[in-house]
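Peer 1: One structure, as structure tokens, below. Some questions next.
The values are calculated or read from the model by the stated rules, or taken from the named source; none is laboratory data. Since the model is a prediction, treat every value here as computed from it, not as a measurement. No Cβ is skipped: glycine too gets one built from the backbone with ideal geometry, and neighbour counts run over all protein chains shown. What goes into the accessible areas is simple: the full protein's heavy atoms, side chains included, and nothing from ligands, DNA or RNA. Shrake-Rupley method; radii C 1.70, N 1.55, O 1.52, S 1.80 Å.
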Amino acid sequence: SEESAVQFDVFNGDADGICSLLQLRLTHPLASQRVTGVKRDIALLDRVSAGAGDQITVLDISMAKNKTALERLLSAGAAIDYVDHHSAGDIPQHDNLSVTISEAPEVCTALLINGRLHGAHVEWAVTGAFGDNLDEPARQIASKASFAESSIIKLKELGVCVNYNGYGPSLEDLHFHPEALYEALYAAATPEAFIGSDEFRTLRDGYLNDIAASLAIEPLIDSAAFAVYQLPNAAWARRVSGVFSNDLVRAHPARAHAVLTEQDDGAFLVSVRAPFHHRFGAEKVCAQFETGGGRAAAAGINRLAAGDLDRLIVALAAEYGHQR
């Protein structure tokens with residue numbers, strides 16, 4: 001019956017996913033069942049069981065990676081509103097599915113929601129865009145909304161800290177479960193109020209400590225064309241790996257980077273970023289390994305045996321070594 005209909009909010013646990021949902025629920029408050037996880041946990045629709053009358057809002061997770069669950073839920077009669085900026089694959093045609101998807105590189109989910117809501121909570125859209133490493137669009141929208149430079153700097157710091165909280169292969173590594181962080185942000189209602197909180201201080205201190213630890217890491221290989229870094233098997237390294245990769249790409253835009261994080265069994269989790277000035281080849285490198293994949297500009301290998309490290313270096317040299 002309509003009375004027992006359930007609203008599900010399914011969202012990525014990074015800044016973009018959280019800031020997308022914040023804009024929606026601050027504008028349209030609704031009691032909902034929330035489904036989220038660490039940033040890399042994107043098969044979130046698998047966890048939803050819904051049927052006729054139920055509504056599902058999906059934010060910032062790849063449709064291509066959730067296709068089977070999406071089709072199952074549509075067949076069961078659920079109505080789904082899907083908003084995202086990742087690769088979608090073939091989008092099913094269904095009366096119960098509404099889709100807002102843009103794969104344009106200057107767009108993230110929080111900006112798509114901002115457009116839909118006509119800027120009702122533009123401060124959270126800007127926070128999400130900064131968190132998603134989209135500094136230029138974030139600044140453009142903040143300027144258009146006449147935000148002071150001091151406010152823009154704070155929103156960027158908040159976005160980076162919220163995004164940093166999503167990294168790590170397991171929830172145990174994070175400072176806050178992404179759902180708990182969402183709840184604290186929603187309760188604060190404005191970025192300014194949250195920035196005055198104990199939760200924000202925990203995040204910012206954690207971020208600064210992890211960054212400081214990462215600065216001590218020397219590259220294994222440091223050439224003009226590519227560099228390889230190895231992070232230890234420690235919670236701080238798992239949390240900081242994404243930010244560490246982003247910072248390397250910005251500091252050395254003509255160079256490719258591979259960041260290896262040591263796992264419990266001695267194998268590595270690998271993140272490969274193409275040079276900022278030449279954004280392809282990362283997927284080609286990673287696809288040569290069993291658990292590898294991703295996009296042309298950024299790809300990864302979920303498990304690289306320690307004995308395969310030389311093979312990775314050869315693959316990087318073959319793809320990027322000729323660029324000067």
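Peer 1: Quick check on my filter: what residues within the stretch 1-46 are among the polar types (S, T, N, Q) and either touching a helix residue (DSSP H, G or I) at 6+ places or on another chain (Cβ under 6 Å) or in contact (Cβ under 8 Å) with a residue 40 or more places away in the chain (or both)?
Peer 2: Hits for the stretch 1-46 are S1, S4, Q7, N12, S20, Q23, T27, T36.
Peer 1: Checking V240 against (1) of a type in the set (V, I, T); (2) at pLDDT 95 or above; (3) closer than 24 Å to D14 by Cβ: exactly one of these is not met. Which one?
Peer 2: Failing condition for V240: (2).
Peer 1: Same structure again: Give me the pairs, please: first residue somewhere in the stretch 201-214 and closer than 16 Å to L181 by Cβ, second residue anywhere and open to solvent by 10 Å² or more (accessible area, probe 1.4 Å) and in a helix (DSSP H, G or I), beta-carbon distance under 8 Å, and either six or more positions apart or on two chains.
Peer 2: Once the first residue is closer than 16 Å to L181 by Cβ and sits in the stretch 201-214, its partners that are open to solvent by 10 Å² or more (accessible area, probe 1.4 Å) and in a helix (DSSP H, G or I) give R204/E157; G206/R239; Y207/V160; Y207/V243.
Peer 1: Hey, among the residues in the stretch 294-307 that are open to solvent by 30 Å² or more (accessible area, probe 1.4 Å) and more than 19 Å from P105 (Cα to Cα), which one's farthest from the chain's Cα centre (by Cα)?
Peer 2: Only one residue tops the list, namely G307.
Peer 1: So which helices (runs of 4 or more DSSP H) are wholly in the stretch 123-207 and hold at least 1 residues that are among the aromatic types (F, W, Y) and over 24 Å from D247 (Cα atoms)?
Peer 2: Where helices (runs of 4 or more DSSP H) fall fully within the stretch 123-207 and carry at least 1 residues being among the aromatic types (F, W, Y) and over 24 Å from D247 (Cα atoms), they are 178-188, 191-195.
Peer 1: While we're looking at this one, here's another question. What is the residue count in the stretch 208-252 for residues that are open to solvent by 30 Å² or more (accessible area, probe 1.4 Å), of a type in the set (G, A, S) and in a helix (DSSP H, G or I)?
Peer 2: Residues meeting the conditions: 4.
Peer 1: For the stretch 145-190, name all the residues that are within 27 Å of Q263 (Cα to Cα), of a type in the set (A, V, I, L, M) and open to solvent by 20 Å² or more (accessible area, probe 1.4 Å).
Peer 2: Within the stretch 145-190, V160, L171, A180 meet the criteria.
Peer 1: Also, quick follow-up: So, in the stretch 264-285, exactly how many residues are open to solvent by 80 Å² or more (accessible area, probe 1.4 Å) and either of a type outside the set (D, E, K, R) or part of a strand (DSSP E or B) (or both)?
Peer 2: 3
Peer 1: Does any residue in the stretch 279-290 that is modelled with pLDDT of 90 or more come within less than 7 Å, Cβ to Cβ, of a residue that is open to solvent by 70 Å² or more (accessible area, probe 1.4 Å) and of a type in the set (G, A, S) six or more places away or on a different chain, and which pairs are these?
Peer 2: Pairs found: none.
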